[in-house]
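> I'd like to ask you about the structure that follows.
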Amino acid sequence: MNHYDYVLVGGGLQSGLIALALRENQPRARVVVVEAADRLGGNHTWSFHAADVPPAAAALVEPLVVAAWPGYEVRFRDRSRVVPSQYATIASEQFDRVVREAVGDCGWDLRLRTPAVEVGADRVTLATGEQLHGRCVIDARGPRTVQEGCGYQKFFGLEVEIDESWPDRLPVVMDATVPQDDGFHFVYALPLTPTRVLVEDTYFSDTPILDPETSRNRVEGYLGERVGRWRVVREESGVLPMPWRASPPPTPGALLGGYAGGWFHPATGYSFPVALRFALAVASVSPEDAPRAAEALARRLSPRWRFGRFLNHLLFRFVPPEARWQVFARLYRTLPPGILERFYALEFSTADAVRIIVGRPPRIDLVRALRRPGHKPWLPLSR
């Protein structure tokens, strides 16, 4: 059989969430997941805040979670803060297992080690020459071109087993006490268990160039300051866009999901909150109505995306790289947990946006920034 209701191209976070949402909403649909690699989810870790998950989707997300904490910590040169906001992590190995189970439970097709060479609005051509026909084709293979008008979040991490307990009970999502170079530089540390931790060397940088050797040395130095011995079990790296310009309108063809379709938070790089909402939207309607459901979601999120890009424009164009840490130090010093949660979830209000921007970050010509060519206002927002 090569005729389906949904053809999901790419086996990463976006397609997996769509598959899980379809199991809840349309278990009798005909679905196929096409992935070029030999497993789903690749080699990734996705973290999110509890407020990112609508209550109705909690049961969908819960099986994916490998670790959760009642809060997280941020550290800067002059202060640190524990934010009492629930935080959780999904690992690709667990993601692969859970999504495979969902596909098997519904009797759907899973095509691994099967690259797609041509993706259209209603059909997908595989490297074997076989064609898959779908009432809805969703292309979620990730970004395939370098975007103009953006900064970058880039990271290199080691997941390690250690001989003693990790000294921090909570995740440290930003440790900016490290030397500031190549933009805003910080370490991200997730204590997955008392003796297993993921440590990532992270940058909000002007360039997409990642130096794995330098980052490895920095991660090992960070580990060496905190524990005696460790064993590397996994490496992870990536470069994510942080755009200040809107992407060009999509060309006719398949519905684009995930990073390829811009379904991520432009100012944080977090993909889970928006990918989940996209999955819930397209899985709640018929295959033919999925593009309209995605368009309606995009209209609702559009002012928040514009505000996120506006913040990126300020950060990357108007703040000297060595001073960027001060922007985040101020935000975490002044914003209450509720606003931080809504900001990360891309569900913030007009009042939240004003609160975020009031108190000018260091050395920004805000008037000049607001008058930049092609600027569109980001107010008003709706709840």
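Throughout, read-outs are computed from the coordinates displayed, never taken from laboratory work. Only a predicted model underlies this, so the values are computations on that prediction, with no experimental measurement involved. Note that each Cβ is placed from the backbone with ideal geometry, even for glycine, and that neighbours are counted across all protein chains shown.
> Hey, how many Å between the Cα centroid of segment 131-171 and the Cα centroid of segment 258-311?
17 Å
> ³J(HN,Hα) across segment 211-228 via Karplus (A = 6.51, B = -1.76, C = 1.60, θ = phi - 60°), whole Hz, x for Gly/Pro?
In residue order, the calculated couplings are 9, x, 5, 5, 5, 4, 4, 5, 5, 5, x, 5, 5, x, 6, 10, 9, x Hz.
> Quick one: check the C-alpha center-to-center distance for segment 185-225 versus segment 71-124, whole angstrom.
Centre-to-centre (Cα) distance: 20 Å.
> Quote the FRET efficiency, to the nearest 0.05, computed for ALA37 versus ALA298 with a Förster distance R0 of 22 Å and r equal to the Cβ-Cβ distance.
Efficiency computed from Cβ-Cβ geometry: 0.15.
> Which residue, ASN43, ASN312, ASN217, has the most motion in a Gaussian network model of the chain that connects Cα atoms within less than 10 Å?
Largest GNM mean-square fluctuation: ASN217.
> Just flag the trypsin sites (Lys or Arg not before Pro) in segment 158-252 sitting in loop per DSSP whose Cβ has no more than 16 other Cβ atoms within 10 Å.
On the way: sites: ARG169, ARG196, ARG216, ARG218, ARG226, ARG229, ARG231, ARG234, ARG245; in loops: ARG169, ARG226, ARG229, ARG245.
Listed in order of number, the matching sites are ARG169, ARG226, ARG229, ARG245.
> So which trypsin sites (Lys or Arg not before Pro) in segment 47-124 pass both tests, a DSSP loop state and at most 15 other Cβ atoms within 10 Å of the Cβ?
Sites meeting the loop and neighbour criteria: ARG77, ARG79, ARG113.
> With each pseudo-label sitting 7 Å past Cα toward Cβ, what's the ALA351-THR334 distance in nm, one decimal?
Label at ALA351, label at THR334, 1.7 nm between them.
> Under 14 Å from the Cβ of LEU297, count the other residues' Cβ atoms, weight Lys and Arg +1, Asp and Glu -1, and hand me the total.
Net charge in that neighbourhood comes out at +2.
> If the chain between GLN94 and ASN2 were fully stretched, how many nm would it gain, using 0.36 nm times the residue separation less the Cα-Cα distance?
30.3 nm
> Can you list the residues, at least 5 places off or on another chain, whose amide H is less than 5 Å from the amide H of TYR72, using H built in the peptide plane?
VAL83, SER85
> Considering amide H positions built from the backbone, and no H for Pro or chain starts, which residues 5 or more places from ALA37, or on another chain, come under 5 Å of its amide H?
Those qualifying (amide H under 5 Å, at least 5 residues apart or on another chain) are ARG113, THR114.
> Let me ask something else. Got a sec? Which residues in segment 79-117 would a label at LEU192 touch, if it sits 7 Å along Cα→Cβ and we count backbone N under 12 Å?
89-95
> Collect residues whose amide H, placed 1.01 Å from N in the peptide plane, falls under 5 Å from the amide H of GLY238; neighbours closer than 5 in sequence don't count.
Placed amide hydrogens put PHE155 under 5 Å from GLY238.
> Okay, next question. Convert each backbone phi in segment 178-192 into a coupling constant with the Karplus relation 6.51 cos²θ - 1.76 cosθ + 1.60 (shift: θ = phi - 60°), then list the ³J(HN,Hα) values in order as whole Hz, x for Gly and Pro.
6, x, 8, 8, 6, x, 7, 10, 8, 10, 10, 10, 10, x, 5
> Under a plain spin-label model, where a point goes 7 Å from the Cα along Cα-to-Cβ, how far apart in nm are SER165 and CYS106?
Between SER165 and CYS106, the label points sit 4.2 nm apart.
> Looking at ALA116, ALA88, CYS106, which one has the Cα that reaches farthest to the positive end of the dipole of segment 80-123 (charges on Cβ: Lys, Arg +1; Asp, Glu -1)?
ALA88
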